[in-house]
Each structure stands twice: as C-alpha cells, then as structure tokens.
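Student: Just dropping this structure here.
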Amino acid sequence: MVEVNFLWLFGYSPTSKDISKPIQHVASEVYTADSVLIGRYFKEDRSPVPYDSISPNVVNALIATEDIRFFKHNGVDFLAIFSSLVSTAQGDKRGGSTITQQLAKNLYRTRYNHSTGLLGKVPGIRMLVIKFKEWMTAYKLEGKYRKEDILTMYLNTVSFSNNAYGIKTAAKRYFDKETGELTAAEAAVIIGMLKGTTLYNPIRNPERSLERRNVVLGQMHKAGFISAVEYEQARRSALGLHPGDVEELGNGDSYLRAAVERWLDTWCEEYGYDIYVDGLKIYTTIDSRMQRHAEEAVTEQMKPLQQRLENAWRGDIPWRDSEGNVIEGFLENLAARTTYYSQLDKRYNGNKDSIFYYLNVPKTMEVFTWDGMKEVQYSSMDSLAHYAMMLNAGLMTMDPYSGKIKAWVGGINHRYYKYDHVFQARRQAGSTFKPFAYLAALEAGKSPCDKYVDRAVRIVYSEDGEEKVWEPKNADWVFSGREMSLRWALGRSVNSITAQITEEIGWDKVVDAAHRCGITSPLASVPSVSLGSNDVSVFEMVNAYSTFINRGKRVQPILVSKIVDYEGKTVAEFSTTATQAISEEVAWLMSYMLRGSMEEPEGTSQGLWEWDLWKNKNQIGGKTGTSSDYVDGWYMGVTKDLVTGVWIGCDERSIHFKNSQTGEGSRTALPVFGRFMEKVYRDDSLDYEYGPFPDPKVEIRRKYHCPSPRIVRPDSTFRDSIVPLQMPGSPSLEHPVDMEELKRQLESATPTAEQPEERGGDPGRQTE
C-alpha cells in the first residue's frame, strides 16, 4: 500500500529508477517570460568525490558517532532503535537512524509534505509513515549498493553549514585541504557538526565545536579507530581552522538572477526544494527585450553621468558632510569593513601601522570603468576610493494591472556591486513622495483646481515630546506669491504649497495614504514626510505609483510566474492579488495630476520633450525627485501601460553632485527613463504603443479642468521669453490658452530666475 501510494494516503516513495540514480544534482534554469535563458543555479562544490579520495579518518569518525554497527545491519538497526527508545525514556535523547536511513532522508526528502500523503496531516501518524518509508528506502539502497558506496553518497550529499555541501567542500571551507588529507582531529570537527550544523559550527561557535570534536575523538578511540596516544594528542590540539575560499558559481550571475533566488527563498523552504540541485525551470515575468532596453538605457546614461561627477570633484576630495567639510577617516572606515582588513588585523594583532602600510602598497589590478576593465597600479585604498566614487543605479518597470515586473536593473555591475538598488537599497525619495500628500488632499475632498499661494510656511509641531519648527524653502529660495492650482503646484513641485496641504490635511494622513498604495518601509510621521525625508526602495515606489494607474487597486508585484520541476510537471504558478486601496475617482485624478509635470507651465518633467515619445497623442505622467545635497536623483514615470522607477546616486551618501544643474533628478534619472521608453516604443516586437491615458470609468464629480496661465519670462532681446504654447513635435496641450491673460502677463511681467527642480530630504534643510 505504501509502495503504490494507495488512495494517496502515503505520498511519494522512491521508485527503482530513483534508487538506480540517487544523486541528481541538476542545475535549475531561469527564463524570461518569452523563454530566454538568463541564468542557472548550481554549485561546483557539489561534485562528488570517490570513496578512495576520502580520508579514512572521516569514515571512521562518521561510523563511530552516527552508526557504529553500520557494517553489521542491512539498512535498519533495530537494536539501535530499541536502545534509543530506552535512552529517551531515561531522559537521554539518542537517535536510532542508521547512516543509510539518513541518506534516504537526504536524497528523497521523505520528511517533506509531498512525501507523506493524506496521512501526513494526522498528528502522530505522519512520523510513523515517514519512518516506515525511510526503512523501506534504506533496505532498497542496501540491496542496490555496497556499504562503501552508501558512505560515499552520504558524505557527498550532506550539508556542513556555511554553504558547504558535501565533504569535499567542507574540507576546503574549514581547513583548506583536499578530502584525503584530513587528520583525525579535523575529521572529528567536520563530522561533529552533523549533530547540529549551526550549534557546532567551528566558525560561529568555536568553543562548542572544540567540545564536540573531542566527543567524536572519544568515540573514535572507544571504537578502536585511533590509539590512546593519538586520541590524547588530537584532544589537546587547537581547533586549527584554516578557512579556504570556495567560490559558488552560477552561470549568468546577475542582479536579476539574485533577485529571483531571494524571491523564491520562502517558497523553497516551505515546499522542500533546493534550486541549486533540483533541476527546476523557473519562468519569470521579465521580458527579455525590455530588460535589454533597460540595461542599455542605464549604461548609455551612466557613462556621461560618471564623467560629470568626476569633473565636478576634480582636484577635490569628494566625501563630505552636509556642511561641506571633508569627512576624516572616510576611506579608513571603508577599509575596516573589508575581508582583507580583517586578515591583516588578525595577522598583525591589530597594529594599525602595519595594517595600513599594506593597504597602501600599490599593486597591479584591474578596475571596472565605463570604458571597460582598466589595468592600474592601485593600492587597496586607491581601489576603495575608485569604487566609492562610482555612481550606481536602480530601475524597475512593471505592468500596473497584472503586477508583472517587466524589467529589473539592480545596479551597474553585479560583479563589483552585489547590493540590489531596486529591492534592497532604500534612499530618500525627495519630491517623488509628494504625490502621496496630494492624494491625501484629494481624499479629504479637495480638487486639482483648488488654489494655494506660493508663500513662506512655518509649521510648529511636536516630535518625541519636543516642540520643533519647520520652515521649508523652495529650491530657488524664492516664494513667488503666485496663486497656483494643486495640479500646477505638483507639476512644478512647489515645496511651500506641498507643506501647506500637509499641514492642513495632517502628515499622519500622508503616511497612511503612502502605506495603502504600496510603501512598506517605516515612515516617520513628521511634516517633512511629504517632501521625501524617509528612505524607500524603487520597488516600493513603482508598486505605489501603479495604484494610481490601476484605478486605485494595489497589486502585489510578481517576478516569478511559473515553476516546472525536473520531470516537466508544473509545481507552482504565481499571480498577483489586488485590493482597492483608493477610490477610482481619486486614482484617475492622481493620474491626471501626474501628467501636470509635462503639461503645466514649468513642469519638472518637460525634459522628456528631448526624446521621441510624443506620437499619436501620447501622454506621460511623472515626478522628479532629488534628496538633500543632490545625493539621490529619482524619476517616477507612468504611461497608460507601464510604471517605471529610476534611482541614481552613489552607494556612499557623502559623495554626490554639487548643484542642481548637474545633480537633480531631472538631469540624472529622468534621462534614463526617456531613453528607456524611447527604446520600448521603437521596438516593433513589443506591444507597447503611443497613446493617451484611458478615460475615467466612473463619474468625476470634482472640477479638474483649470488651465494655468502661461508664464512669461522676458529678457533684453525678448527672445525665448515665453514658455512655448506647444513644443516642436509635442502633442497639443489639452488646455486652451487664455490670450487676454497672456497679454496681461506680457504687459506686467518682470524677469524672474529660472525655476530649478525642487529638492527634498532632511526635515530642517532645503528640500525637494
């Protein structure tokens, strides 16, 4: 009944084919939605070693501690089982499983849900089914293989912690030796870990590991595997760790491959899969063509941006505090976090002079540049300075309706920067966070046409029992005194008006609106929250902006759509879940408001006119963002089909651009979005076409059509002094121009400074 899984009561049992090919360490493969292979998961260190390459000390240690009667039983040792029951009854828990039973458990996953059937859901019965199947499988293995083969398979498959799978990896990981070179003491350390790979890990818990090693040595002496003299010598020796470098290889290593692995971590743990050995085919939601366009857009923009940053600091030290002072010990602190520093620290007993002498010795090395790998004579400190100065990037684009992520660029080079700037990194959002303040205002009953005056604002508030004052400034430190609609204020990214509605609505409401839309990071509920003083990820921002486009429904982004096992059976399918986060009317009004950054006078997205994006009445909404001191540059772009987020900045926040002309989001992140969308629209193989946003599907009861006056900026020649009513190649503006108002402005206008993009960030500083 167990063998045939009668009435699905008992679950899977290994077949004759499984027993004949017990070790199937097959690489898992990752595909895009259009079936392009983009990566594989496998570990070279899982390669098995033959029995004659394994030190006898390892075999003896294993038998002495795990199964002293190994060569006397046929897979199940009932004498050991009876002994373990007696010991357990007396308060001394001992296992009765043989090495062969443990191998059966490791190879065929007899303790996972898919192996226990319906009876596995019954408490008490589950373990009986598992044990019986392990016994049966152990008998099958013993009938098929020699004892030496079983020992070899066991030692090649068992985990020894620290990502060391198999005895070959463990020998290299902990003692930097080949398997056949291990001494009795070293073998005892490794085999001793099997009782608890974390508890007796020699790197994490050396004292417990040493204690466990000596227990194993005692068992080896008791069994006659080592003499009394050998036992005493080994017992008195030091732990003797000499960790080696075991590289884990994965073909097609990338941010995307790493993101997929993180995405599946919980699923693999829950369902008992290991993507490094189980031969899965993992289908992502990524479109290979869009991924290529995204990577190209980032690369094409980052090269000139990097040159711009280096030019800005040429001859100066770039790492500075918020007051512009050089940060003392900056490189030294970076160095102290490196593995090389730790090695030198141990070698020279913490002597800083010796450590930094070697850190400053020049040597030939290759460094990553945007002109390719470059051979240089750098010291370790020089290398740290080079990589700290490199700008990084994050880009994600998503279908706001299905939740499917279409492109994911986690950084500029995964080999040198493992940190993922889409999901892992959290940075100040600057003005890209402002829409949540305007969302809260709409939810409070306001309309896009409600007007506020651009004026100085002083907000007194309490934080942690302390009274504080916040007086935000506009980016140009000028308050125009102009009356502006909410749509115009958002399109121009005016700090003073954003602060006014935040005070009026309440910053708690802004935090609540952001969380409902998809921001999951903790947000400090303070007045400056609307100007982006909190740290968030690109992933969160794309998810939240998608709520505006998806008629107020917040969807759960998905990166993996389907998983197929080694036999070709679909074992998992993933789809998004949606919840109504905001009303459809408010959602449509927010998408209309976001278009204001292109359509309103001096809108901060108007740099997008440079790209070929304006055919067939195409509409784009978006929001720029720049944090304090130009540390972070953001652009959030929305079309009728896609939502895209872009972040640009250095990993070290103390290195950044100097001014708005070089470092604001409209000049760093916005061009990446423009390049990317231009490539997407020009790719005829993709289904994304130009076009306007969809009309509202519900009645819009609030006034939203309120044309803003065209702004006039005369100069001495009166050339280019009027913001064009229609840019060359742009779609027609939807608002008619009030010619009488325009005439009045021409007659009364006075020259004003060009309006830069606003900045956001620290509560007490000038922010977008």
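Student: Go over the candidates ARG653, ARG667 one by one and state the one that is at negative phi, under 20 Å from the mean Cα position of the chain (by Cα) and open to solvent by 10 Å² or more (accessible area, probe 1.4 Å).
Tutor: The conditions single out ARG653.
Student: Within segment 364-450, which strands (runs of 3 or more DSSP E) (wholly inside it) include 3 or more residues that are under 15 Å from the mean Cα position of the chain (by Cα), at pLDDT 95 or above and under 22 Å from PHE539 (Cα atoms)?
Tutor: It comes to 391-398, 405-409.
Student: Against the definition (closer than 17 Å to ASP382 by Cα, assigned to a helix (DSSP H, G or I), in contact (Cβ under 8 Å) with a residue 12 or more places away in the chain and hydroxyl-bearing (Ser, Thr, Tyr)), how does TYR357 come out, yes or no?
Tutor: In short, no.
Student: Output the number of residues of segment 333-344 satisfying the condition of being within 18 Å of CYS650 (Cα to Cα) and surrounded by 14 or more Cβ atoms within 10 Å (Cβ to Cβ). Break it down stepwise before answering.
Tutor: As a first pass, look at segment 333-344 and keep what is within 18 Å of CYS650 (Cα to Cα): 333-335, 337.
The next check asks that each one be surrounded by 14 or more Cβ atoms within 10 Å (Cβ to Cβ); those that pass are 334-335.
The qualifying residues number 2.
Student: Just name the residue that is modelled with the highest pLDDT out of those in segment 555-611 that are hydroxyl-bearing (Ser, Thr, Tyr), surrounded by fewer than 16 Cβ atoms within 10 Å (Cβ to Cβ) and farther than 22 Å from PRO435 by Cα.
Tutor: THR570
Student: Can I ask one more? Within segment 215-236, can you find the residues that are under 10 Å from ASN60 (Cβ atoms), open to solvent by 50 Å² or more (accessible area, probe 1.4 Å) and within 50 Å of the chain's Cα centre (by Cα)?
Tutor: GLN219, PHE225
Student: Out of GLU142, GLU186, GLU178, I need the residue that is at pLDDT 80 or above, closer than 18 Å to THR65 by Cα and open to solvent by 20 Å² or more (accessible area, probe 1.4 Å). Which one?
Tutor: The match here is GLU186.
Student: Tell me, yes or no, whether segment 456-479 has at least one residue that is in contact with a helix residue (DSSP H, G or I) (Cβ under 9 Å, 6 or more places away or on another chain), open to solvent by 10 Å² or more (accessible area, probe 1.4 Å) and part of a helix (DSSP H, G or I).
Tutor: Scanning segment 456-479 turns up no residue that is in contact with a helix residue (DSSP H, G or I) (Cβ under 9 Å, 6 or more places away or on another chain), open to solvent by 10 Å² or more (accessible area, probe 1.4 Å) and part of a helix (DSSP H, G or I).
The values are calculated or read from the model by the stated rules, or taken from the named source; none is laboratory data. None of these values were measured; they are calculated from a predicted model. Please note: Cβ atoms are built from the backbone with ideal geometry, for glycine as well, and neighbour counts cover all protein chains shown. Remember, those area values only see protein heavy atoms, side chains included, never the ligands or the DNA or RNA. Shrake-Rupley method; radii C 1.70, N 1.55, O 1.52, S 1.80 Å.
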